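Here is the structure we will look at.
The values are calculated or read from the model by the stated rules, or taken from the named source; none is laboratory data. Predicted model, so just to flag it, every value in this text is computed and none were measured. FYI the Cβ positions are ideal-geometry reconstructions off the backbone, even for glycines, and counts take in every protein chain you see. Ligands, DNA and RNA are excluded from the accessible area calculation, which covers all protein heavy atoms including side chains. Shrake-Rupley method; radii C 1.70, N 1.55, O 1.52, S 1.80 Å.
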Amino acid sequence: MTLLIMVISLLLLLALRVPVSIALLIPSLGYVLMDPSVRLGTAVQQTVSGVDSFSILAVPMFILLGNLANVSGVTDKLYDAAVAAIGHLRGSLGYVNVATSFGFSWMSGAAIADAAAMGRVQVPAMVKRGYKQEFALGVTGASSLIAPMIPPSIPAVIYAVTAGVSVGALFMAGIVPALILVGALCATVWLLMRKKNELRLPKATWATRGKTALGAVPALGSAVVILGGILSGVFTPTEASGIGVIYIAVLAVVYKALTWRKAYRTLLTTVETSGSVLLIVAAAALFGWVLAREQAPQVAANLILDITNQPIVFLILVNVLLLLVGCVLEPTAAILILVPVLLPVAETFGIDPVHFGIMVIFNLLIGLITPPVGLVLFVLSSVTKAPVPVVIKGILPFFVPMVVTLLFITFIPVVTLGLPVLLGFL
C-alpha cells in the first residue's frame with residue numbers, strides 16, 4: 001500500500017507539471033515524516049549520497065564540454081569537412097547531417113546540445129539548398145540521438161552511478177549501437193532521397209577536401225583525448241571530462257570564438273543545467289532508498305515473474321514500458337526512478353547490467369523525439385522557428401531506423417557487450 005501511494009503521488013505530481021525533482025522529494029519526505037522509525041538525518045544522508053560521488057562529477061564537466069563545443073566553432077569545421085567529402089552525392093546534406101552529428105557527439109554527450117548546435121547550422125543550410133524543411137528537421141532530430149550513445153554520454157554516467165557498473169564499460173558498450181544507428185539513418189536518408197537528383201552539390205576538389213579535413217582534425221581531437229585516455233588507463237572517465245573541457249576551451253581560444261561574454265553565458269548555462277540534473281539525482285536517491293526499504297524491486301520481480309519466466313518476454317515488456325515512460329519523462333529522471341526497480345529483475349533473468357543499461361538508455365532517448373514531452377522537438381522548434389507539428393512530421397519516418405537499432409540492442413547482446421569484453425572492461 002505504501003509503494004502504491006508513493007507511485008500514485010509521483011505520477012499525480014508529474015501530471016500537474018511539478019518539476020521532477022520536487023515530485024520525487026514530496027512523497028519521499030512524506031514517507032520519512034510518517035514513519036517514526038526513520039530519522040530525518042537518515043533522509044538527509046541518503047539525499048546527499050546521491051551526488052556525493054566522484055563518478056557523478058563527470059556530469060557537469062561533460063555538460064560544460066558540450067556547451068563549449070557549441071560556441072567554439074567546431075561544428076562549422078566538421079560540417080565543412082563533411083560537405084567537401086560527400087557533398088556531391090544525391091541527398092548529400094542528409095548524410096552530412098548524420099556525419100556531422102556523429103563527429104560532434106564525441107564532444108557533446110547530450111542530445112539537446114547536439115540538436116541545438118545542428119539545428120542552428122544545418123537546417124537553414126539544407127532548406128537553402130532545396131531540401132524540404134520537414135526532412136531537414138527530421139534527420140537533425142534523429143541524428144541528435146547519437147550523442148548520448150557514445151562517450152562522453154551523460155545518460156551513461158547517470159546509469160553507471162545508479163546501477164553500480166563501470167562508466168568505461170558503458171561508454172564502450174554504446175559505440176557499436178551508435179554505429180548501427182548511423183548506418184540505419186544513412187539507409188533511411190538514401191531511401192527518402194534516392195530519386196532527388198537535383199539535391200547534389202558540385203564535387204569538391206581534392207585540395208578543398210584536404211584543407212577542410214585538416215581543419216576538422218583538431219575538433220575531432222577531443223574524441224582521441226577522451227577515448228584514448230580512458231582506454232589506455234591514463235585517466236578515469238571523470239578525469240577525462242576535465243581534460244576534455246580544457247582541450248575544447250583551448251581550441252575555442254585558438255579559433256578566437258570564445259569571448260568573455262560567451263564564456264560567461266556558457267558557464268551560466270552549464271550551472272543551470274547541471275543544477276537541475278544534480279537536484280534530480282539527489283531527490284531520486286532518497287526516492288530510491290524509500291523504494292528499496294519497502295522492497296519495491298522484490299515486488300516488481302514477483303509481479304513480472306507471475307506474468308512470464310522468459311527473458312525475451314521480459315525484455316519486450318521492459319521495452320514497451322520504457323518507450324511509454326520516455327514519452328513523458330526525460331532520460332535522467334526515468335533512469336533514476338526505474339533502474340533501481342528493473343535492474344534487479346533483469347539480473348534474475350541473467351541479463352548483463354551493461355547490456356540492460358544501453359537498452360534502457362536508447363529506449364528513453366527515443367522519447368526525446370516523441371510527443372508530448374519530446375525535448376528535442378521543442379529545441380528544434382526553438383532554434384529554427386519551425387512549428388512543433390512540422391518538426392513531428394519530419395521526425396516520423398526516422399522512427400523506423402530507431403526501432404531497428406533498438407531490436408539489435410535488445411536481442412543481440414554481442415552488439416553491446418562485444419567491444420567492452422574485447423577491450424577488457426568486462
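Things to note:
- Residue ID - most open to solvent (accessible area, probe 1.4 Å), chosen from residues in region 105-132 that are of a type in the set (Val, Ile, Thr) and within 20 Å of LYS77 (Cβ to Cβ): VAL121
- Residue match in region 378-400 (condition: at pLDDT 85 or above and more than 23 Å from ALA117 (Cα to Cα)): yes
- Flag if SER37 is in contact (Cβ under 8 Å) with a residue 12 or more places away in the chain and either under 30 Å from SER241 (Cβ atoms) or small (Gly, Ala, Ser) (or both): no
- Helices (runs of 4 or more DSSP H) wholly inside region 349-418 containing at least 1 residues that are small (Gly, Ala, Ser) and open to solvent by less than 60 Å² (accessible area, probe 1.4 Å): 353-367, 375-384, 388-395
- Of residues in region 259-278 being of a type in the set (A, V, I, L, M) and at pLDDT 85 or above, the one nearest to SER21 (Cα to Cα): VAL271
- Hits in region 317-340 (condition: open to solvent by 30 Å² or more (accessible area, probe 1.4 Å) and either in contact (Cβ under 8 Å) with a residue 24 or more places away in the chain or polar (S, T, N, Q) (or both)): LEU323, VAL328, GLU330, PRO340
- Exactly one residue among TYR255, TYR247 is open to solvent by 50 Å² or more (accessible area, probe 1.4 Å), more than 20 Å from PHE62 (Cβ to Cβ) and at pLDDT 80 or above, and that residue is TYR255.
- Residues (part of a helix (DSSP H, G or I), open to solvent by 30 Å² or more (accessible area, probe 1.4 Å) and farther than 15 Å from VAL376 by Cα) located in region 133-181: GLN133, VAL161, THR162, VAL176, LEU179, ILE180
- Restricting VAL51, VAL32, VAL18, VAL38 to those that are part of a loop (DSSP other than H, G, I, E, B) and at pLDDT 80 or above reduces the list to VAL18.
- Close pairs (7 angstrom Cβ cut-off, 6 or more residues apart or separate chains): under 24 Å from LEU251 (Cβ atoms) and basic (Lys, Arg) in region 201-221, open to solvent by less than 80 Å² (accessible area, probe 1.4 Å) and part of a helix (DSSP H, G or I) anywhere: ARG209/ALA84; ARG209/ALA85
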